[in-house]
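Enquirer: Let me give you the structure first, and then I'll get to my questions.
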Amino acid sequence: MTFVGDKCFSIRRCILWCTMGRHQQEEIGVILKLIMGSTRHFLRALGYGSFGALIVLLTIFVYTLYNRPELQVWHEAELSEEFTAQSDLQTMEEYLELENVVFQQLDQLVFRRTGVDYGGGINRFQKGSLSDPERWPRNWNRSFELIPKQPTAAVLLIHGMSDSPYSMRSIAEQLHQSGARVLGLRLPGHGTAPSGLLDARWEDMAAAVRLAVPYLAREVAGRPLFIVGYSHGAALTLTYALETLEDESLPRVDGLVLLSPEIAISKLAAFAIWQARLGRLLGLEKLAWNSIMPEYDPFKHGSFALNAAIQAYRITGHVNARISALADSGSLAGMPPVLAFQSAVDATVLAPALVTGLFNRLQVGGHELVIFDINRYTNIEDLLKGDPTSWLDGLRERQNTPFSLSLLANTNEWSQDLNIHQSGPGNRGRQTCVSGLRWPGGLFSLSHVALPFPADDPLYGNRGASSSPGIYLGMLALRGEHNVLRVSPAEMLRLRWNPFHRYMVSRIGAFMHLSQPADLRCTKQ
């Protein structure tokens, strides 16, 4: 009927045109030409205008990025001796020898060009400054190993992006005290200068992990072997474990511990690729940097290379693709037990993706997920931007999950005490346990960078922290006028220590059978 109607309408239109006089037809033709011409002019102008606006915005964007602080020697140093996946190394011993060479090169190309600080400055690349890593009893920017007389297990600890082995120091020391032989691995491109991350690839870092695991497996033959990964290190931990499901030549591990794991990051990270390409096209070196900041932290880079974000984006895509493929083939059933800790809010990684991207795809096999909820104390909730943890609602109500869940949350809105809401895999019942934990005053949540560090950490801890041999950053909050400091107030106020660190380490020890699980007072729901 629609076709017939349209056909009739066209016939009527033809009849109307034929009955018009020639003068009327010419007038209508002129009008149509004017309309068509105006439309073409309008579209052409719109196109030129849009292109012009794009050029203006692009110019402003480039100018803003390039009008940042000047690059320093630590942004430009080429550490040519750094390990890559193509390096002709076969053992961890060779990796550590090469690491010595890299730090000698760092000393020659950076430290010797910045001189000595005698006035108590805060530049990590000036010897003698408060941020000089050599002020500490051990330079935690380097790989380290703690060896007990009779190890009962071996643990590889892998730090995060732009980080250093220092972030794994406290966990390593406590696992070592429990009888484990631990290796804190420095990833390629890290612990040296920010320029180390201009070219490093995640494949280089994965290759370093493939040297470390066989080394530990050989050193503690017959003992359990675990990997603890933090943030980007957790993505590398998963990468190795997934590789063992397909490559029988790789030593298998007995369990994985993931802290704030990098399972997924914002898709905006993909734009870092285009900014980097634009910088290369225009020959503007500053565009290779997401941020150019003072280097005041002795064990973490202040400046952040765009390539670091690109590698984080690439490895999360790789991990998710491998998990999907192995889940479809049924091979994911061989995944070793996974214990993960995650803050319910995380500005660096997408916290819900840990459930949807990993835990939901696992099969029952001793997997445990621990989530730290936000502080829902009534005096704080009014200041929140809505409820940033709405994704937890469905998780709380789920039945028949392939993993155990422990959710640490306020006892009620009038208390800062925490209960642990536990549910087992399958259809096992739920219970609520008294944790004995409590939110310290003034904290509304954990942060991505807080989980590995205890409250008494000498660099990042609370006011009651151990004495620092150099700079102390844990409660740093300089007050004054805004837009004066190069370091943003938001960065200084970000929580750097975990008030529940002791609980977390006790869970890790029990997971590795290095200690007994805590005896909690629980009631069934």
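Enquirer: Starting at the first residue of the stretch 439-449, write each ³J(HN,Hα) from the Karplus equation 6.51 cos²θ - 1.76 cosθ + 1.60 with θ = phi - 60°, in whole Hz, x for Gly and Pro.
Expert: 3J(HN,Hα) across the stretch 439-449, in whole Hz: 5, x, x, x, 9, 10, 5, 7, 10, 4, 7.
Enquirer: Placing unit charges on C-beta atoms (Lys and Arg positive, Asp and Glu negative, everything else neutral), compute the dipole magnitude of the stretch 84-152 about its Cα centre in debye, rounded to 20.
Expert: On the way: 8 positive and 10 negative charges, 83 e Å.
Charge dipole of the stretch 84-152: 400 debye, to the nearest 20.
Enquirer: Give the peptides 221-231, 453-463, 188-198 in descending order of average Cβ contacts within 10 Å, highest first. Present the calculation step by step, with values, prior to reporting the outcome.
Expert: Working: 221-231: 21.9, 453-463: 20.2, 188-198: 26.5.
The densest-packed peptide leads the list: 188-198, 221-231, 453-463.
Enquirer: Could you sort 116-123, 290-297, 77-84 so that the peptide with the highest average Cβ count within 10 Å comes first and the rest follow in order? Show your work: numbers first, answer last.
Expert: Numbers: 116-123: 13.6, 290-297: 18.9, 77-84: 17.4.
Highest to lowest by the protection proxy: 290-297, 77-84, 116-123.
Enquirer: Starting from the amide H of Arg181, placed 1.01 Å from N in the peptide plane, find each other amide H under 5 Å away whose residue is 5 or more places distant or on another chain.
Expert: Those lying under 5 Å, H to H, from Arg181 are Thr152, Ala153, Ala154, Val155.
Enquirer: Of the listed peptides 516-523, 368-375, what is their order by residue-averaged count of other C-beta atoms within 10 Å, with the highest listed first?
Expert: 368-375, 516-523
Enquirer: Here's something else I'd like to know. Under 5 Å between amide hydrogens, which residues at least 5 positions from Ser415 or on another chain qualify, with H placed 1.01 Å from N in the peptide plane?
Expert: The list, which skips near neighbours in sequence, is Thr378.
Enquirer: What FRET efficiency do you get for Asp456 and Trp391 if R0 is 25 Å and r is their Cβ-Cβ distance, rounded to the nearest 0.05? Working shown, then result.
Expert: Working: r = 32 Å, r/R0 = 1.30.
In this case the efficiency is close to 0.15.
Enquirer: A follow-up question, please. Given a Förster distance of 60 angstrom, what is the FRET efficiency for Ser415 paired with Leu281, based on the Cβ-Cβ distance and rounded to 0.05?
Expert: Numbers: r = 57 Å, r/R0 = 0.95.
Efficiency at R0 = 60 Å is approximately 0.55.
Enquirer: Could you point to the residue in Gly365, Leu350, Leu405 farthest towards the positive end of the stretch 325-455's charge dipole, with +1 and -1 charges on the Cβ of Lys/Arg and Asp/Glu respectively?
Expert: Farthest towards the positive end: Gly365.
Enquirer: So for the pair Glu203, Arg521, with labels modelled 7 Å out along Cα→Cβ, what separation do we get in nm?
Expert: Those two pseudo-labels are separated by 5.7 nm.
Enquirer: Give me the aspartates and glutamates in straight-line cross-link reach of Lys286: C-alpha distance below 20 Å, same-chain residues under 8 apart excluded.
Expert: Glu70, Glu76, Glu78, Asp199, Glu295
Enquirer: Let me ask something additional. What are the ³J(HN,Hα) couplings of the stretch 129-143, residue after residue, when phi is run through the Karplus curve with 6.51, -1.76, 1.60 and θ = phi - 60°? Round to Hz, x for glycine and proline.
Expert: Values per residue, Gly and Pro as x: 6, 5, 9, 5, x, 6, 5, 7, x, 9, 7, 6, 6, 9, 4 Hz.
Enquirer: Rounded to the nearest 0.05, what FRET efficiency do Ala85 and Thr152 have when you use their Cβ-Cβ distance and R0 = 41 Å? Mind showing how you got there, number by number?
Expert: Working: r = 33 Å, r/R0 = 0.80.
That gives a FRET efficiency of 0.80.
Enquirer: On a full-extension model of 0.36 nm per residue, what is the gain between Arg463 and Met492, subtracting their alpha-carbon distance, rounded to one decimal in nm?
Expert: Full-extension gain reported as 9.0 nm.
Enquirer: In whole Hz, with x marking every Gly and Pro, tabulate ³J(HN,Hα) for the stretch 189-204 from phi via Karplus 6.51 cos²θ - 1.76 cosθ + 1.60, θ = phi - 60°.
Expert: Karplus-based 3J(HN,Hα) across the stretch 189-204 equals x, 10, x, 9, 10, x, 4, x, 9, 5, 10, 4, 10, 5, 5, 5 Hz.
Enquirer: Let me ask something additional. Obtain the nm distance between the two label points defined at Asn400 and His513 by a simple spin-label model: each point lies 7 Å from its Cα along the Cα-to-C-beta direction.
Expert: In this crude spin-label approximation the distance works out to 3.1 nm.
Enquirer: Collect residues whose amide H, placed 1.01 Å from N in the peptide plane, falls under 5 Å from the amide H of Glu368; neighbours closer than 5 in sequence don't count.
Expert: Amide H neighbours of Glu368: Val338, Leu339, Ala340, Ser404.
Taken together, the values in this text are just the output of simple stated rules run on the coordinates, not laboratory data. Please read all numbers here as calculations on a predicted model, not as lab measurements. Glycine also receives a Cβ, built like all others from the backbone with ideal geometry; neighbour counts cover every protein chain displayed.
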